[in-house]
Amino acid sequence: MTTIGIQLRKFRMLLGLSQTEMAAGIVTESFYSKVERDKSAITIDKLVAILNAHDISLYDFFNVFDQENLPKLILHKKMYEAFDNRDLEKLKQLQKSVKEKSVRLKLELMIADIEGKVAQLTLTTKEELEEIAPQLDFESLDDFWNLEVFMPLFSFEEATKVINGIEDEFKQLDFGDNQVTLSLMNLFIAYLHRCYKEDHAEEAKEVINLAQQVPRNFIIFHQIIIRYYQALFNKDGELAKQIIDLLKESGYQNYVATLPKVREMK
């Protein structure tokens, strides 16, 4: 079966390019090599950027694919966008439309997380989710969406190990990639949620400091959410309420519904 990696190699050979030239500075040569060998997945944004850099027609590239691959990339993009927006209805619609068990399980976890019902998942479901949970191999990660989605199933020690691993690799991250930046901020927010619920203020301070080092460009919304958690830990109820009011006025009611409330502060 044709894969993204096989197609990339075919077009690279036709163009007479090295792997470094084909990567075009959009991804590292090392990561690109793994994509060609189907050892790592590439985001649709980076893939399209590489194709555009070499004037490769999207139609020509995807025309040979069977009906599985491209729809799968698009589906995952829709899943993560809906999860980022806390769009519960969209996630439920997607869950009804997919047949692949691993994807349905991931959607079930997303939905349970937003609804605050992860603890109510059946033992069988949790065991099946553990089988598809991401490994903490930061070198092979192209973004952090999977780690963020599975954060509710990690022990706090495992979750902290994830954050520590990111801190070690922080200077190597490609913040020019929107998916890396967006998924990382969502991961930080998920960890802060755990910190607040489980009363880990010191760990929260460290991840807040790390989040503040992320380039701000298009992630202002997520920085505001980080600021909200900071207000909670500082027991600044007035600021927390101001942020909630701002989010509601800006149309983020769905997101607000998933945040810890000011009255929960200790």
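A119 versus (1) at positive phi; (2) open to solvent by 80 Å² or more (accessible area, probe 1.4 Å): which is the lone unmet condition?
(1)
If you check Q253, Q213, which single one turns out to be open to solvent by 80 Å² or more (accessible area, probe 1.4 Å) and within 26 Å of H76 (Cβ to Cβ)?
Selected residue: Q253, the only one of Q253, Q213 that is open to solvent by 80 Å² or more (accessible area, probe 1.4 Å) and within 26 Å of H76 (Cβ to Cβ).
Is there any pair linking a residue in segment 34-56 that is of a type in the set (K, R) to one that is open to solvent by 40 Å² or more (accessible area, probe 1.4 Å), with Cβ under 6 Å and at least six apart or on different chains, and which?
K46/I26
Given the residues I114, I208, I132, I189, which is the only one that is under 21 Å from L91 (Cβ atoms), without any contact (Cβ under 8 Å) to a residue 40 or more places away in the chain, in contact with a helix residue (DSSP H, G or I) (Cβ under 6 Å, 6 or more places away or on another chain) and among the β-branched types (V, I, T)?
Unique residue meeting the criteria: I132.
If the requirement is being closer than 22 Å to D45 by Cα and polar (S, T, N, Q), which of these qualifies: N186, N254, N234?
Within the list N186, N254, N234, the selection yields N186.
Name, by its number, the condition in (1) surrounded by fewer than 21 Cβ atoms within 10 Å (Cβ to Cβ); (2) within 20 Å of T258 (Cβ to Cβ); (3) not polar (S, T, N, Q) that does not hold for E202.
Failed condition: (2).
Of (1) modelled with pLDDT under 90; (2) surrounded by 18 or more Cβ atoms within 10 Å (Cβ to Cβ), K266 satisfies all except one. Which?
Evaluating K266 over (1) modelled with pLDDT under 90; (2) surrounded by 18 or more Cβ atoms within 10 Å (Cβ to Cβ) leaves (2) as the failure.
Hey, does segment 122-132 have a residue that's on the phi > 0 side of the Ramachandran plot, at pLDDT 90 or above and open to solvent by less than 30 Å² (accessible area, probe 1.4 Å)?
No, segment 122-132 contains no residue that is on the phi > 0 side of the Ramachandran plot, at pLDDT 90 or above and open to solvent by less than 30 Å² (accessible area, probe 1.4 Å).
Report the residue count in segment 145-165 for those that are among the charged types (D, E, K, R) and either modelled with pLDDT under 90 or under 16 Å from the mean Cα position of the chain (by Cα) (or both).
1
Tell me, which residue of segment 140-197 that is under 20 Å from T258 (Cα atoms) and among the polar types (S, T, N, Q) is most open to solvent (accessible area, probe 1.4 Å)?
For segment 140-197, the residue satisfying everything is N146.
Only one residue in V48, V27 is open to solvent by less than 80 Å² (accessible area, probe 1.4 Å), under 25 Å from E81 (Cα atoms), modelled with pLDDT of 90 or more and not in a helix (DSSP H, G or I), so which one is that?
Among V48, V27, only V27 is open to solvent by less than 80 Å² (accessible area, probe 1.4 Å), under 25 Å from E81 (Cα atoms), modelled with pLDDT of 90 or more and not in a helix (DSSP H, G or I).
Taking the stated definitions as given, is D174 over 12 Å from F156 (Cβ atoms) and in contact (Cβ under 8 Å) with a residue 60 or more places away in the chain?
Answer is yes for this residue.
Is it the case, given these coordinates, that V103 is surrounded by 12 or more Cβ atoms within 10 Å (Cβ to Cβ) and over 22 Å from L184 (Cβ atoms)?
Here the answer is yes, as V103 does meet what is asked.
Sort through D142, D174, D168 and tell me the only one that's in a helix (DSSP H, G or I) and either modelled with pLDDT under 90 or touching a strand residue (DSSP E or B) at 6+ places or on another chain (Cβ under 8 Å) (or both).
Sole residue among the options that is in a helix (DSSP H, G or I) and either modelled with pLDDT under 90 or touching a strand residue (DSSP E or B) at 6+ places or on another chain (Cβ under 8 Å) (or both): D168.
Anything in segment 69-84 that is at pLDDT 90 or above and open to solvent by 50 Å² or more (accessible area, probe 1.4 Å)? List them, or say none.
Result: K78, E81.
Scan segment 30-41 for residues that are surrounded by 15 or more Cβ atoms within 10 Å (Cβ to Cβ) and modelled with pLDDT under 90 and jot them down.
Correct list: S40, A41.
The values are calculated or read from the model by the stated rules, or taken from the named source; none is laboratory data. Computed from a prediction, not measured in an experiment: that's the story for all the values here. Positions of Cβ are generated from backbone atoms using ideal geometry, with glycine treated the same way; all protein chains shown enter the neighbour counts. Surface accessibility is based on the protein's heavy atoms, side chains included, excluding ligands, DNA and RNA. Shrake-Rupley method; radii C 1.70, N 1.55, O 1.52, S 1.80 Å.
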